[in-house]
Number of protein chains: 2
Amino acid sequence: MENFVYSNPTKIIFGKNNLKRIGHEAAKFGKKALVVYGMGSIKRNGVYDIVLKSLSENGLEFVEYEGVKPNPVLSHVKPGIEKFKKNSCDMIVAVGGGSVIDESKAISSGVFYNGDVWDFFTGKAKIEKAAPVIVALTIPATGSESNSGCVITKEETKQKYSAHSPHLFPKVSILDPSITFSIPKEQTAYGAVDIISHVLEGYFTTKDINSIITDNYVYAIVKSVILLTEKILENPEDYNARASFMWTATLALNGMQSLGYKNVEFVNHVIEHSLSAIFDIPHGLGLSIVLSGFLKRLMNRGGKLRIAEFGKNIFQLRGSIEEISKETVFKMEEWFRKIGLKTKLSENGILEKDFITVADNACELGKLWGWSYEKKDVIEILNFQK
Amino acid sequence: MENFVYSNPTKIIFGKNNLKRIGHEAAKFGKKALVVYGMGSIKRNGVYDIVLKSLSENGLEFVEYEGVKPNPVLSHVKPGIEKFKKNSCDMIVAVGGGSVIDESKAISSGVFYNGDVWDFFTGKAKIEKAAPVIVALTIPATGSESNSGCVITKEETKQKYSAHSPHLFPKVSILDPSITFSIPKEQTAYGAVDIISHVLEGYFTTKDINSIITDNYVYAIVKSVILLTEKILENPEDYNARASFMWTATLALNGMQSLGYKNVEFVNHVIEHSLSAIFDIPHGLGLSIVLSGFLKRLMNRGGKLRIAEFGKNIFQLRGSIEEISKETVFKMEEWFRKIGLKTKLSENGILEKDFITVADNACELGKLWGWSYEKKDVIEILNFQK
């Protein structure tokens, strides 16, 4: 088990009817908020009204900044920084899913920096300060509501990169499962795969497999997500399933999912970032493709024992290592398809001729994240899913 | 799934050779420390020297306060408060297990309070401020290194009570598994039962059984502890087992173990507090007795389905609810005995004539904690283990 430092100061307020507490919590961090949100779905489902009313009732002024895209883009971050500064805001209130939270974090880190905020994503500069971010989470998936990272895409260069800093932990995140009832089935499925991937990156890339408690933590997350996703797809208004799913998403990327693991590589995320940077496909869909290929490749790269261990714990498989590992890889992809995801690249319009472009892009980001993969490894993974 | 608020600001520094970082961390909170420890075992195993050297090297002054007992007592807390104040300390450095940390927290809450510190334990007063506590953990078990509670015994009245406040979270806790190699087998076993009890209190008393993710979190902890304890008893210097065990102890009472559960009652802890307040038996030993009786009673009180669910997940039992639940209760006590604990009260010198005293004592504390048990319920539990 490897040494680690763990700290997560985000305060979580969880449960139904809690959204209206956002003003009270935000008021602890100043007088004026930049309210960041996406393409307007929060106006249709009532979230917008509740949040704005709560801010007003707690004496907060605010300016709105809408239009955050799924796979949020740098060109929208920069005007957000300007708007925050021009209006002398004290904090950001992020109302949305991972994209909105990530863009809010990027803005929060940019408002105290004189250079180009992209410097934080390329490693050219370190975040020394950030404005407080208060979150109203509407889509459980990325875990951004309780971690210190954010992912932004620079469109011109097709770079989907991330920045990290203890200053990026949201101060408070409000998780109200009842506002997630309206999330469409495919988005629920994307979220499910994202959650599973967050814990499997560490589980399958660690060079130290002696963290028994962390392995069991990973199994707890994956078993929960599989069961809960099926419950939600059957009945989207199952409050308890939505609630457990929402909390599972947070636990899957709050820093605990890889504690004690060694030299973890975010292989699947790196390759998926390239897929969605180039082809703008949803993150969770991309992950279902990459993870399926990643596991198949791992079978031929000494991963059978670990895959079998996973299969024993998740699918209660019994038999030889050879049999169980093979069955596990099959079952994972089968499950992705069961929840409606197309796990072949060609099914999503990505063709063999594109693989080298994807591999080039992934290796550029991979290098930055210190990974050990080469282009041929990426192509090998993609080939399994062509 | 019930609503909740979760926040845990303690910074964890985990892994071998980290003890020497304590001075660097403590120096962030002032210039002078009260170093609190127990009966001197830290002087024999080298921990004392490393901690004091680190404090000195980081320019910290300190005064020592030793003699904390297992089941720490109020009469030792009060002189600690005086020593802290007289020496104008800025913080407490707690070097030890749960007892030392709990007493340090009690002292930290007392130094800013003009009344009797016991007021915080009886609910007469609320902790509004506390001195920073920095922990070097030597015995994994209670989870006190990363939570907001502390338990102290008032000897005259045989009251083993607790106080809680967000101000009681340690600022930093250093967990170095390599210093736990010398923990004797029986103390390892006590710790194991304590950890298991921390997660089972919620699991078996919740009035809402729809927190699937929390149930799976509980299984992750219990499965880990059972496996790891056996590994440690076989080879006390198994670093990876000691490390996972240490981290499991923290996860078992860091606040996450009952999220979403409803009206949780710490039944086993309340009754055990009475046993150890009156008979001064080790906390973990007392818990192995009470938990065995508690589960037997639960079998006759509508608990079979939940017990069976637990048995399916922990012992991979298959069969009817009736069969599995019975087998689960048997297997738990069997396991406590396997790791060396005497789960009968008579084996520990506690006789049937004492049961009413225990029940009286437990109900007094139980009332304070708002529990639903009556004396006859406590006696019923004790009767199963006479």
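Every read-out reported here was derived from the displayed coordinates using simple, explicitly stated rules and does not represent laboratory data. Since the model is a prediction, treat every value here as computed from it, not as a measurement. Reconstructed Cβ throughout: ideal geometry from the backbone, glycine too, with neighbour counts over all protein chains shown.
Of the peptides B:324-335, B:261-272, the ranking by mean beta-carbon count within 10 Å, highest at the top, reads B:261-272, B:324-335. Cα convex hull, chain A: 124 Å³ per residue, rounded to a whole number. In percent, rounded to a whole number, the relative contact order of segment B:1-158 is 26, using alpha-carbon pairs under 8 Å and six or more apart. Please give the helix A:304-315 orientation as an angle from the longest Cα principal axis of chain A, in degrees from 0 to 90, rounded to the nearest 10. It works out to around 60 degrees.
Residues whose amide H lies under 5 Å from that of B:SER211, counting only those 5 or more places away or on a different chain, are absent; hydrogens are built 1.01 Å from N in the peptide plane. Against chain A, whose longest principal axis comes from its Cα atoms, helix A:185-205 is set at around 60 degrees. For the peptide B:237-246, the mean number of other protein chain Cβ atoms found within 10 angstrom of a residue's Cβ is 4. Along segment A:157-169 the Karplus relation, 6.51 cos²θ - 1.76 cosθ + 1.60 evaluated at θ = phi - 60°, assigns HN-Hα couplings of 9, 6, 9, 9, 10, 10, 10, 9, 5, x, 6, 8, 4 Hz to successive residues, with x for each Gly and Pro. Rounded to the nearest 5, what % of the DSSP beta bridges within segment B:99-229 are antiparallel ones? Roughly 60 percent of the beta bridges in segment B:99-229 run antiparallel, per DSSP. What separates the B:GLY340 label point from its copies, with the point 7 Å along Cα to Cβ, is 5.6 nm, written shortest first.
With the label put 7 angstrom out from Cα along the Cα-to-Cβ vector, B:GLU374 ends up 7.7 nm from the copy partners, going from closest to farthest. Working from Cα pairs under 8 Å separated by at least six residues, relative contact order for segment A:6-85 is 35 percent.
Using a 7 Å projection from Cα along Cα-to-Cβ, the label point at A:GLY115 is separated from the same position in the remaining copies by 5.5 nm, smallest value first. Where only DSSP H runs of four or more residues are counted, the protein assembly as shown gives -15500 deg cm²/dmol as its mean residue ellipticity at 222 nm, each run worth -39500 (n - 2.57). Shape class of segment B:213-359 from the Cα gyration tensor (axes a ≥ b ≥ c, square roots of the eigenvalues): rounded, since a/c falls below 1.5. For segment A:7-17, 3J(HN,Hα) computed residue by residue from phi via the Karplus equation (6.51, -1.76, 1.60; θ = phi - 60°) reads 7, 8, x, 4, 8, 9, 10, 10, x, 5, 6 Hz, glycine and proline entered as x.
Give the angle, between 0 and 90 degrees and rounded to the nearest 10, that separates the Cα long axis of helix A:239-251 from the longest principal axis of the Cα atoms of chain A. It works out to around 80 degrees. The mean number of partner chain beta-carbon atoms within 10 angstrom of a residue's beta-carbon across peptide B:219-231 is 3. Pairs of Cα atoms nearer than 8 Å and 6+ residues apart set the relative contact order; for chain A it is 16 percent.
Considering only C-alpha atoms, what is the centroid distance from segment B:285-329 to segment A:4-76, in Å? Taking the Cα centre of segment A:4-76 as reference, the centre of segment B:285-329 is 44 Å away.
Looking only at the protein assembly as shown, where both bridge partners belong to it, what percent of the DSSP beta bridges are antiparallel (to the nearest 5)? If we restrict to bridges inside the protein assembly as shown, about 30 percent are antiparallel. Summing charges over neighbours of B:SER54, with a neighbour being any other residue whose Cβ is under 11 Å away from its Cβ, gives 0 when K and R count +1 and D and E count -1.
The peptide list A:306-315, B:372-381, put in order of mean Cβ contacts within 10 Å with the highest first, becomes A:306-315, B:372-381. When each of the peptides B:86-93, A:136-143 is scored by how many other beta carbons lie within 10 Å of its residues on average, the order from highest to lowest is A:136-143, B:86-93.
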